[in-house]
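The values are calculated or read from the model by the stated rules, or taken from the named source; none is laboratory data. For clarity, every value in this text was computed on a predicted model and none was experimentally measured. Note: ideal-geometry Cβ built from the backbone for every residue, glycine included; neighbour counts use all protein chains shown. Heavy atoms of the whole protein, side chains included, go into the accessibility calculation; ligands, DNA and RNA do not. Shrake-Rupley method; radii C 1.70, N 1.55, O 1.52, S 1.80 Å.
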Amino acid sequence: MKCQQCEKPATIHITEITGPELDELHLCEDCGKIYLSQQEPASDSTMSPQFKLIEDADELAALQQQVCEICGSSFYEFRHSGRLGCPHDYVCFETELEPLIVNIHAATDHVGKRPKRGVNSSEQQVVLVRMRQEMKEAIEREDYETASSLRDQIQELEEQRKPS
Amino acid sequence: MKLEELARQSSEWLRGSGPESDIVISCRIRLARNLANHPFIRRCSDTDLAAIERTLYETLQSEPKLQDVGYVNLKMLSEIDRQFLVERQLISREHADSNGARAVAIHPEEKFSLMINEEDHLRIQVMNSGLDLDATWEQTDAIDDVVEEHLSYAFHQRLGYLTACPTNVGTGMRVSVMFHLPALVLTQQIDKVFRSLQKMNLAVRGLYGEGSRAMGDFYQISNQITLGRSEKDLIQQVSDVVPQIIDYERRARDFLVHENQQDLHDRVSRAYGLLCSAQTISSEETMELLSSVRMGVNLGLIENLKIPTINKLFIHTQPAHLQKLRGTELDTANRNIERAHYLQRHLQQDGADAAENN
Ligand SMILES: [Zn+2]
Ligand SMILES: [Zn+2]
């Protein structure tokens, strides 16, 4: 059986009691962990069978509207698919992701290896992803002049960031 | 890279060398990495996927230290060949089945594979037989450094390496050790062991397995947490439970030998007999019987059979391997016949060789 949210084999099977009906959920390990980590905090030790993915309609609407400025992905899409849209999602959905990350890892900060060359600022990364997006759109509307000028700017930026 | 040549050689992870290799089969470390300036796979258009694949391909090409890897374009590969790579654990099932530009770079002796455009842009995985996690990490770390000299990874000052799924964020590292645990399965203690491992935030997965029952009683144990602990700590966390699991399995084997000697001997001999004489046999049944035989040889209940032969048979009797070795496509019924013949040939030959050496 495949996970209902992605293509991996489903290994976690959850029966959800949300109302008069029983909902069966079949999820892979990753999606299951994300799903379960969205329950109420584990502080009340008895697990409530009433998992509420989304608190209410207003919140759902708000979530659907909030979109990553770089890749156009919403947090709702993440909840639905279990996968983020781009690296910047970690920044723009920070508030929503934090409790989930704490639930999964019991930690908030990375310890361990870091890229040797020094990480270019996340703003710079954002700029590059956005420029690529714009270049793609320019190509799609056959505006090759804009596209090639964007390409040159991207190359220049990337050149600057090459290790010396 | 010629996949036919791979088919004949033994996979590094099933070579079964190293201390306590009757129980500990191999170890593996995987790093999930993404390029800073591209969306994650879910938001990638075909053009994006192709661009990422090209970038990584060119990186590998230009790097002298990675020059001897075989580069396999998965999009151009037949289904059997993709299945073949899954059976050898060089790519994942999802990687085989997905769409768009994707590839894998394979070390000639299969000590590592680099999956491109799997769930993340790049997944570096290093495999070694036995339990040398420190050496495995050194190799993984070195490959990661070499790749990073050429491009920028998506990295966040506080969260570490950014991954498509937040379950991998931080180190992006999965450390796993593969065990052969037939006695724990036979004595029905395996679930108890797994529950205690899960409480320690370790995940248990069966080899090729869907659901809880593992094929051939091979199980992989790995860390679940990737954030907030260093790579060394994560390795330590997994290493710490290894002696315990070995001890549990040994005790279960001792119990079977002392309390159930007759049943055990009967079970092992029947398994061996069936494998030597069946005319048609499924992959599942083969794995199950080979598992009993493997334990039987390790407990001295079967003579004239070598462990490397059995290890090799586990993988060579998988559907895609059988077809690659035979050099032709076979349907399920014909595969089952071919498998039975293959087993007969190799078990008898091994027995004869061993008898000669005695
Ligand atoms: Zn899933
Ligand atoms: Zn985004």
Mean per-residue count of partner chain Cβ within 10 Å for A:3-9 equals 3
Quick one: with all protein chains in place, what share of the accessible area of chain B is carbon or sulfur, to the nearest percent (1.4 Å probe)?
46
For peptide A:27-33, compute the average count of partner chain beta-carbon atoms within 10 Å of each residue's beta-carbon.
3
Averaged across A:91-104, how many Cβ atoms of other chains sit within 10 Å of each residue's Cβ atom?
2
Go through B:317-326, B:10-19 and give me the packing order, highest mean Cβ count within 10 Å leading.
B:317-326, B:10-19
Paired Rg and Dmax values of segment B:111-230, which use every Cα atom, in angstrom:
16.2, 52
For q values of 0.07 Å⁻¹, compute log₁₀ I(q)/I(0) with the Debye formula on a Cα-only model of the protein assembly as shown, without solvent.
-0.43
Compare the Cα positions of B:Asn334, B:His121, B:His38 along the charge dipole of the protein assembly as shown (+1 at Cβ of Lys, Arg; -1 at Cβ of Asp, Glu; about the Cα centre) and return the one farthest towards the positive end.
B:Asn334
For the pair A and B, how large is the buried accessible area, both sides, in square angstrom to the nearest 100, if the probe is 1.4 Å?
4500
How large is the convex hull of the Cα atoms of segment B:260-357 per residue, expressed in Å³ as a whole number?
87
Looking at chain B, do any whole DSSP H helices span at least 18 angstrom along their long axis by alpha carbon and average -0.5 or above on Kyte-Doolittle, and which?
B:46-62, B:133-148, B:283-298
Which residues of segment B:32-79 bury at least 30 Å² of accessible area once all protein chains are present, versus their chain alone (1.4 Å probe)?
B:Ala36, B:Asn37, B:His38, B:Pro39, B:Phe40, B:Arg42, B:Arg43
Which of B:Thr317, A:Ile34, B:Ile29, positive extreme of dipole for the protein assembly as shown (C-beta unit charges)
B:Thr317
Going by amide H atoms built from the backbone, whose H comes under 5 Å of the H on B:Asn223, apart from near neighbours?
B:Val175, B:Ala203
Would you mind calculating the relative contact order of segment B:3-245 from Cα pairs under 8 angstrom and at least 6 residues apart, reporting the percent as a whole number?
24
Heavy-atom accessible area per residue, the protein assembly as shown, 1.4 Å probe: how many Å²?
45
Can you flag which of B:Lys111/B:Lys232; B:Lys192/B:Lys306; A:Lys8/B:Lys324 are past 22 Å Cα-Cα?
B:Lys192/B:Lys306; A:Lys8/B:Lys324
Measuring from its Cα centre, segment B:3-245 shows a charge dipole (+1 at each Lys and Arg Cβ, -1 at each Asp and Glu Cβ) which, in debye to the nearest 20, is 840
Once neighbouring chains are kept in place and the probe is 1.4 Å, which whole percent of the accessible area of segment A:69-122 is contributed by carbon and sulfur?
54
Would you please put B:258-268, A:92-102, B:279-289 in order of how densely packed they are, using the mean number of other Cβ atoms within 10 angstrom per residue and starting with the highest?
B:279-289, A:92-102, B:258-268
Taking amide H positions as placed 1.01 Å from N in the peptide plane, with prolines and chain starts having none, which residues 5 or more places from B:Ile25, or on another chain, fall under 5 Å of its amide H?
B:Met178, B:Phe179, B:His180
Kirkwood hydrodynamic radius, computed over distinct alpha-carbon pairs, for segment B:3-245: how many Å, to one decimal?
18.5
Dipole magnitude of segment B:62-197, debye to nearest 20 (Cβ charges: Lys/Arg +1, Asp/Glu -1, about Cα centre)
520
Loop-located trypsin sites (Lys or Arg not before Pro) in segment B:111-204, at most 16 other Cβ atoms within 10 Å (DSSP):
B:Lys111, B:Arg158
